[in-house]
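For reference, the structure is listed below as structure tokens.
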Amino acid sequence: ARDAFESKRKEYSEKLFSLSKDLALKLKSTTTNKKDLKEEFDQLWDKWVTELTQDTPPRRTFDFWEDAVQILSVGNEQTSVWEQKNHQRYKHIDTLGNFSSYISKIKRPLGLHHIPAMNKPSSEDNELVRALAINVIKETEELINKICSKITRLGYNDGFIQEITYHIRKRVEEHHSENQRITLNKEFTLDLCLHVCEVASHRFTECHKKFMNANDPRIYLSKQKPQYYSVFQNYCRGATATKVFGELICSSQRDLILQAASNKTDLDLATKIRSDMPEFNGNRSNLEKHILKCLAEEENFEKYKLYILNPRKHFRNFITEKVNKYITENTTTVLNLFKGSLHHKLQ
């Protein structure tokens, strides 16, 4: 789809330029009323786009969870996969305090396994399993980022889900070979896969949508309408071909300039936030000091729990909340940064 679309871009450009020019030359001798000219252009534009894109295949959609459940059903009953997904216990696998439901066997020193209390996971056992879950989730987040860059360029396929679930299953197998004291049941692996798939489902869907939008001729041409309306207007006014081409080239560069300005604004804003906010004006110890201060002030039990069981996630949530609050309360500053970046790029 991408290659076919790229090969047609030049064809679309040449055809629309010619159609816009011919329409202007035809109408400028009959009317100079701007409203009439715009109505005529709008009406014919829709007709041109329909004709140019009539052979475009329908957009390819996918059901992430249908694919994920199908893949996770290898080694599990499909009904049990759906049941565990619907139960939603997997969402809290990285913040659980007790993992006993996921542990099928705990190997104790000889003679102690007969004591009932020794068959329950200790705090160290729970911490070991929680660390495994958190580490695997962190690793798969990095894997998801790499896959998303592929989806944006190539589109989605279910092999990307297989890549993620394979990594998770492999890491659990490594745990069993390295730590034979605690044996985790297959529900643990399944819930860990479901937890990661929950994250991947949103990211993959968003990235595939970007891919489809970037390679859909109908969406592409709808964005080109202002450019070719400008061509039409210029020819209606009797502009020279050189002037028309010059404006068209400048217009085509606008999006690139705006993107570059946005990237510079992100860097400038990060520097500004570090300078203005004491939470981020220092090292990790300074950040943690402010996090603990906020926890004490808010007295929110759920946040305390998350901080203890999954400090990495709590750090990320804290940073997100603070940055969003800063942007909301300093919209004028952010806007001025963008204006400055845009001015810099236009020089």
Close pairs (8 angstrom Cβ cut-off, 6 or more residues apart or separate chains): not assigned by TED's automatic domain parsing to the domain that holds N98 in segment 305-331, aliphatic (A, V, I, L, M) and outside any helix (DSSP H, G or I) anywhere
L309/L96; K322/M277; Y326/M277
Scanning segment 114-131 residue by residue, those in a loop (DSSP other than H, G, I, E, B) and at pLDDT below 50 turn out to be H114, I115
Scanning for something charged (D, E, K, R), outside the structural domain of V199 (by TED's automatic domain parsing) and under 30 Å from A200 (Cα atoms), does segment 5-25 turn up at least one residue?
yes
Going by what's in this entry, would Q180 be described as part of a loop (DSSP other than H, G, I, E, B), of a type outside the set (K, R) and either more than 30 Å from N98 (Cβ to Cβ) or modelled with pLDDT under 90 (or both)?
yes
Test V136 against the stated conditions and say whether it is in contact with a Ser or Thr (Cβ under 8 Å, 6 or more places away or on another chain) and assigned to a helix (DSSP H, G or I).
no
Go through the residues of segment 218-226 one by one and say whether even a single one is more than 27 Å from L96 (Cα to Cα) and of a type in the set (F, W, Y).
yes
Out of L306, L337, I need the residue that is surrounded by 12 or more Cβ atoms within 10 Å (Cβ to Cβ), of a type in the set (A, V, I, L, M, F, W, C) and closer than 30 Å to L96 by Cα. Which one?
L306
For T79, work out the one condition from (1) loosely packed, with under 13 Cβ neighbours inside 10 Å; (2) assigned to a loop (DSSP other than H, G, I, E, B); (3) assigned by TED's automatic domain parsing to the domain that holds H208 it doesn't fulfil.
(2)
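Determine which member of the set D42, D94, D67 is at pLDDT 90 or above and part of a loop (DSSP other than H, G, I, E, B).
Exactly one residue qualifies, and that residue is D94.
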Every listed condition ((1) modelled with pLDDT of 95 or more; (2) assigned to a loop (DSSP other than H, G, I, E, B)) holds for R108 save (1)
Residues that are part of a helix (DSSP H, G or I) and within 18 Å of the chain's Cα centre (by Cα): does segment 164-175 have at least one?
yes
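Just one of K339, K322, K303 is part of a helix (DSSP H, G or I) and out of contact with any helix residue (DSSP H, G or I) (no Cβ under 8 Å at 6 or more places or on another chain); which is it? First the steps, then the outcome.
Working: K322 fails: out of contact with any helix residue (DSSP H, G or I) (no Cβ under 8 Å at 6 or more places or on another chain); K303 fails: out of contact with any helix residue (DSSP H, G or I) (no Cβ under 8 Å at 6 or more places or on another chain).
After ruling out the rest, the residue left standing is K339.
The values are calculated or read from the model by the stated rules, or taken from the named source; none is laboratory data. Source: prediction; values computed, not measured. Backbone-built Cβ (ideal geometry, glycine too); neighbour counts: all protein chains shown.
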